[in-house]
Structure formats: structure tokens, C-alpha cells
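Worksheet for the structure shown next.
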Amino acid sequence: MADPTYTPPDVWSVDTESGGRFANINRPTAGARTEKSLPVGDNPFQLYSLATPNGVKVTIMLEELLERGHSDAEYDAYTINIGEGEQFTSGFVSLNPNSKIPALEDRSGEKPFRVFESGAILVHLAEKFGEFLPTDPAARAEVLSWVFWQVGTGPFIGGGFGHFYAYAPEKYEYPINRYAMETKRIFDVADKRLADSRFLAGEDYTIADMANWPWLAPFVFGKIYNEAKTFLSIHEYENVARWVHEIAERPAVKRGRIVNKVWGDEDTQLRERHSAADFEGKAI
């Protein structure tokens, strides 16, 4: 059956609740809604995030830097519950005017400054520590191309497929088919690349993998959007699966994926992270 026809008004305005999982916080305006400061720890980096795919990118990066011996990459991580609208507090908006997680404050120098948007945070940290981003111009361009490929494709997977398949108040054929097609195309791009290369940007593990892995891995593991793994026939993408499982075994990835996680089994959650000791007793 065809979806009912919607005739857009001449001028759009908010006159009804949008419905869906995030209807209680969705508004067409930016800025703070409540006055509330952010907590601040003692480490050089202050991260305010949630263990969604975009948030996991940064915690993996920070844990990888620590794994390589960069003790000055120590960080405090505080959970921002986006379902409860904590991204709209005055403290968070001061770090990210776009009110999206993650947001980072770099306090390693004389003057603290903000870095927001996950791709920008990855590049900032890679350049600061000289890790996971090559300096050779051709290799660097390849890494950045795959990083920003993910920045461009993420909305199709999350706000597109994920929203209409799992979160929208009604399931309509057209948007689900449209974004399922695009999500499968994205997987196919990655699968064809990984047929020729161990990692996305070549033979070395880089921020290109850190950017993309948190989005593609949950589909392979069947941990996102209900039955999406079966619906999208994710088993077809054997090279993506090989890459996902290899990266999943990295100690830093095992740690990074549970930071700011507040759902699932208790031993897979870590609401706040202040030191390596916080991982004791966790299932990693």
C-alpha cells in the first residue's frame, strides 16, 4: 500500500509534535534551554559524550593514544544523556553550539579551548600527538578522505535508515527503502575497498578506521536498530566483517567502546572515566 500523501504548506512551522523516539527534545531552534555547568576533572582532556557511534570514535582514539604510551592523553569522560536533553545545557552548548555529542575541551595548554564534531576531534588529536594520521601527503589525503567519507555517510545510516526503520512513529515504505538502499551502498563501498586493503586507508590502522568502525561494527554484531542485520543482509559484506572483528580485538577498542555507555549489562557500562583504574571489573 502506498504511503498517504502529504502536501507541504507554503511556509513550514511547528504546529504539532513530530512523534518518534526523540519528539520530546526535537525543536527547530539552537541554543541552551537550561542553565547548568559541566563538571571538570584534573586530566588534560575533558570529554562530554555518550557511547553512540559518534561518541565511541573519540573514546577509542583517546584509549589508542594511551595504549601507545601517550600519558599526556589522559582524559575525563562525562556522560551527556541526549535522550534527556543534557546536550542543551548552557555548559554543553558553550562547547558545542550545535548541541551534538561528542564535545572535547583541550586543557593541555595555557588556555583551554573547545573542539566539537567527532571528525574534527579525531584530526585534532592525531595532529597533536603525531599518531594515526600519516604526514606523507598522499597517505594523509587517503586517510582524511575516508574520515570525511564517514562524516558524510553517517547521517544516511543514523538519521536516515536508523530513524525511519527503528525510531519513527510509523513505518513507511519509501523512506525505509530509500535509506536501506543507501546504507547497503555504503557497506558495499567499504567492502570493495577492504577487499584490496587491510584497513580503509591502506595497510596501517588510522583515524579513518576509528571514524568508520563504530558505525559499521554494530550492524555486523547485530547490536543496532533491532533486526537490521538480517533486514540488510549484512552477512554479504565479508570484508567488512573481517575488518570489524580484527579491530574489535584491539585492547583500546574494547575499552573505548564502553566509555559513557549507560545501557546493557552492568559490566559493559562506564558512565564516567577518569583513569585506567575505572575499567577494573568491566567486561573488556
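The helices (runs of 4 or more DSSP H) found entirely in the range 214-270 that carry 1 or more residues being closer than 26 Å to ALA77 by Cβ and either assigned by TED's automatic domain parsing to the domain that holds ALA190 or modelled with pLDDT of 95 or more (or both) are 238-248, 251-256. For the range 95-111, a residue qualifies if it is in contact (Cβ under 8 Å) with a residue 60 or more places away in the chain and either hydroxyl-bearing (Ser, Thr, Tyr) or within 16 Å of ASP72 (Cα to Cα) (or both), and the qualifying residues are SER99, GLU105, ASP106, ARG107, SER108. Being touching a residue at least 12 places away in the same chain (Cβ under 8 Å), exposed (fewer than 13 other Cβ atoms within 10 Å of the Cβ) and of a type outside the set (A, V, I, L, M) holds for only one residue in TYR174, TYR167, TYR205, and it is TYR174.
Give me the residue from the range 139-181 that is in a helix (DSSP H, G or I) and of a type in the set (Lys, Arg) and, out of that set, farthest from LYS57 (Cα to Cα).
It comes out as ARG178.
I'd like to know if the range 129-143 contains one or more residues that are within 17 Å of the chain's Cα centre (by Cα) and under 19 Å from GLU203 (Cα atoms). No, the range 129-143 contains no residue that is within 17 Å of the chain's Cα centre (by Cα) and under 19 Å from GLU203 (Cα atoms). Within the range 141-148, does at least one residue satisfy the condition of being surrounded by fewer than 17 Cβ atoms within 10 Å (Cβ to Cβ), aromatic (Phe, Trp, Tyr) and more than 18 Å from GLY256 (Cα to Cα)? Yes: one or more hits. The set of residues in the range 38-84 being of a type in the set (S, T, N, Q) and in contact (Cβ under 8 Å) with a residue 12 or more places away in the chain consists of ASN43, GLN46, SER49, THR52, ASN54, THR59, THR79, ASN81.
Considering only residues of the range 1-19 that are closer than 17 Å to TYR172 by Cα and surrounded by 10 or more Cβ atoms within 10 Å (Cβ to Cβ), which is modelled with the highest pLDDT? Among those residues, the one meeting the criterion is GLY19.
The values are calculated or read from the model by the stated rules, or taken from the named source; none is laboratory data. All of these numbers come straight from a predicted model, not from anything done at the bench. Backbone-built Cβ (ideal geometry, glycine too); neighbour counts: all protein chains shown.
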